[in-house]
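The next block holds one structure in the form of structure tokens; read it before the comments.
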Amino acid sequence: MIASWKLCFSLMSICSLQCRVVSQKLQLEPLNSTVLQDSDVQFNATIQGDWEVTTWNVGGIQVLTVVNSLDSIIPSSDRFSARFCLNGSKGCVEFTIHNVSRTDAGDVVCTVQGYQPLKAQLYVQ
């Protein structure tokens, strides 16, 4: 009897974790962007589900952190900024690279705690 309760509890725990993963979704747009040097470029992360911390990496370097509960946006320099999207929802974060340089070309990675990181490609002309 005890073993069957343990098995039932284990199965419910697995289902609960799987259901949580299915209900949470992260989307990054655009996945490819080509911009002129010295212009600005934006990437939007749409997050379904609860989240606390989002980080943005450009060229393998973390350049910005967003802490949802504190409404805090921490850039590494003035060239990077973020804001919650125009609809006012905290389920969407708009990340901007200002005065894009050729060294910014390559991977732009959005990592949201509890989700798989997503990667976009930035091409600079």
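The values are calculated or read from the model by the stated rules, or taken from the named source; none is laboratory data. Nothing here was measured: the structure is a model prediction, and the numbers come from that model. Methodologically, a virtual Cβ is constructed for each residue, glycine included, from the backbone with ideal geometry; neighbour enumeration extends over all protein chains shown. Heavy atoms of the whole protein, side chains included, go into the accessibility calculation; ligands, DNA and RNA do not. Shrake-Rupley method; radii C 1.70, N 1.55, O 1.52, S 1.80 Å.
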Options GLU52, GLU29; residue that is in contact with a helix residue (DSSP H, G or I) (Cβ under 6 Å, 6 or more places away or on another chain) and either surrounded by fewer than 16 Cβ atoms within 10 Å (Cβ to Cβ) or without any contact (Cβ under 8 Å) to a residue 12 or more places away in the chain (or both): GLU52
Test: GLY59 is open to solvent by less than 40 Å² (accessible area, probe 1.4 Å), touching a Ser or Thr at 6+ places or on another chain (Cβ under 8 Å) and at pLDDT below 95: no
Considering only residues that are touching a helix residue (DSSP H, G or I) at 6+ places or on another chain (Cβ under 9 Å) and within 11 Å of VAL63 (Cα to Cα), look in the range 77-125 and name the one that is most open to solvent (accessible area, probe 1.4 Å). ARG79
